[in-house]
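Comments concern the structure below.
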Amino acid sequence: MSTSRYRKGKRQWRRMDLHLHTPASADWAEPDVTFLDWLYKAEMRGLDIIAITDHNTVAGVARLREEVERLTWLEQQNRLRPQERRALDEYRRLGEKLLILPGFEFTATFGFHILGIFPPETSVRELEYLLLKLNVPPDKLDEGSTEVGPTADVLTAYRLIHEAGGLVIAAHANSANGVAMRDFPFGGQTKIAYTQDPHLHALEVTDLESRSRRATARFFDGSKPEYPRRMHCIQGSDAHRLNRSPKDKHQLGIGDRVTEILLPEVSFEAIKEVFEGNDFARTRPYRPTREPYDHVLAAREQGPNIVQSFHESMTRRGGRLHAVLADVVAFANAQGGTIYIGVSGTRKGLPTGVDKPEEAIAILKQEIQRKITPPLDVTVDVMESQGRPIIRVVVPEGHEKPYCLDQTHIYVRQESETSLAVRDEIIELVKQSLPKPEAPPAEKAKPEPQPTFDPSPGDRTDPPKVGVQILATVERKGVLYHTLKDLRNNQVVQNVTRASARKLWNYAISQHESNSLRPEDVTWRGNIGLWRQQKRAGKVRYDLVQRMPDGSIEVYYGVTEEGMEGPWRQFLPDDESDGK
């Protein structure tokens, strides 16, 4: 990757995060993240300078470089596939945009952590040789573990890293495994040595913006007789994941704790000059404004459903463009919906984005106009999510149903699935487009009967709002035909077999045919109960039952949380009922 940086000129504030782990660290929290995802996240957070600092290893540095070298070799051999070409182009683009510094987080004697940060041209062989000199066992070099046995002491580590040309930074100095943490049982002279050593460039602290008198930066401001050397204090994310953990706010993601540094150019040499100088106003904690609301990310948190779908690409090859068009038809035949192209339907991983989005939009509009009948007016635009362009297609509910693709293919939407419509669904779509009968003259109109309500304990509870109910089953020539009811819209579909059923229908029919309901297997709460639950397609689905006043039992298959209102919510885990 390129090591050329911006030309020298007027000093500018640059954002840097010098404490970032990768999947090469054993305690990395997101094992499926790629190095390209990692770089995309750094770019999205607006960073200019990043460092790879895995625990006692440079395996992450090696893997990143090996991937780029492999793709470059394939390019030279004219063997790159399109996806590999895109990846190589992105690595090169990001290599020009970001200063990526190799390094490691070394575990010294007594468990103290020290960052070693090096120039971008430093070889993996040099770094591994240094780790061996620091007494990291050869068989531990690729493990990325914080525990590597007896190693070098803190002062020796400072000296060896500095002599090798690296920046020496005491990691999270005021916190766990830090050389300046409070209440650690070592003598004052040792603490002075560990924080005032001439080979130490800076202290990384977690309380850089604290106004407390005990704040680390204030303690090392040169005013203490025992600590006359003022220390550069910076902050870093110590990220072991892309994004901050929703369960533990202390588990930060890339770019969650950033330092700004005033530089004439973005280079290792310029950074080192700051840390070796006495101008302590050239670093400061970065205070980001709140990030703009990311509509695409919010949609991904919900995942695919009845009104939104996701496609990572819209290439003709592999039928991906056809799948997008099928969703357009399905949403038009339903209540409308939104399609996101260039991103997966899970929050996991960064968006792939769409190359040349304006060209892609032109192609998509042309295909919608050419292949979908009757004509449908959709809105297509570009949104940015996590630094990547995403195409958004807003499909209105159609007024001339049924809509079809290629003249003959009529699609409908059922929860998160787009499928070809069956006969009864097509009939229902046609009915929706028929002119509504005129209301009878006012003088002949009869008042509609008002519903009566008897609040007796045996009254029927409204069924869940999502799922499938099997109303009837008949056998013809050895084949079972079912009448199904979609609980979302109360639409009834007849003559469905296990072989012809789509996913959710197939599940309901399979359970109905293979598993007889036994009331003793149900967790009852009055006249309603939970038969069983399981995770399907990323969501927990519940099979719920209701005992009717006549003693019969209705079964509602594949109900999701969003369909469980009122008394049904008591069956959610940990009693998540909110009183609705």
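Coordinate-derived values only; no laboratory data. The shown structure was predicted, so the numbers you read here are calculated from the model rather than taken from an experiment. A quick note on method: Cβ atoms are made from the backbone with ideal geometry, for glycine too, and the neighbour counts reach across all protein chains shown.
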- Query: FRET efficiency for LYS191 and GLU96, Cβ-Cβ distance as r, R0 = 35 Å, nearest 0.05?
  - Reply: 0.25
- Item | Additional length obtainable on full extension of the chain from GLU276 to VAL382, 0.36 nm per residue less Cα span | 33.6 nm
- Task: Multiply the residue separation of LEU262 and ARG347 by 0.36 nm, subtract the distance between their alpha-carbon atoms, and state the gained length in nm to one decimal.
- Result: 27.1 nm
- Give the cross-link partners of LYS401 among the lysines, using a straight C-alpha distance below 23 Å as the criterion and excluding same-chain residues fewer than 8 apart. LYS365, LYS371, LYS431, LYS436, LYS485
- Task: Could I have the simple spin-label model distance between ASP153 and LEU297, label points 7 Å from Cα toward Cβ, reported in nm to one decimal?
- Result: 4.6 nm
- Task: Mind giving me the FRET efficiency for GLU513 and GLU400? R0 is 35 Å, r the Cβ-Cβ distance, nearest 0.05 is fine.
- Result: 0.35
- Query: Straight-line reach from LYS97: which lysines have Cα under 26 Å away, leaving out those fewer than 8 places along the same chain?
  - Reply: LYS8, LYS10, LYS41, LYS272, LYS348, LYS356
- In this structure, the FRET efficiency calculated for ARG70 and VAL474 from their beta-carbon separation, with R0 = 60 Å, to the nearest 0.05, is 0.50
- What is the extension gain from GLU84 to LYS535, computed as 0.36 nm multiplied by their sequence separation minus the C-alpha to C-alpha distance, in nm to one decimal? 158.9 nm
- Query: Say each of SER212 and LEU572 gets a label point 7 Å from the Cα, pointing the same way as Cα to Cβ; how far apart are those two points in nm?
  - Reply: 3.7 nm
- Item | Residue-wise HN-Hα coupling along region 240-257, computed from phi with Karplus coefficients 6.51, -1.76, 1.60 (Hz; x: Gly, Pro) | 10, 6, 6, 10, 3, 5, x, 9, 9, 5, 7, 8, 7, x, 4, x, 7, 9
- Task: Compare the peptides 252-262, 370-380, 147-157 by average per-residue count of other Cβ atoms within 10 angstrom and give them in order, highest first.
- Result: 252-262, 147-157, 370-380
- Message: Just to be sure I understand: of the beta bridges DSSP finds with both ends in the chain, what percent are antiparallel, rounded to 5?
- Response: 75 percent
- Task: Compare the peptides 491-501, 59-69 by average per-residue count of other Cβ atoms within 10 angstrom and give them in order, highest first.
- Result: 59-69, 491-501
- Message: Using the Cα centre of the chain as origin and beta-carbon charges of +1 (Lys, Arg) and -1 (Asp, Glu), tell me which of PRO389, LEU167, ILE363 is placed farthest towards the positive end of the dipole.
- Response: ILE363
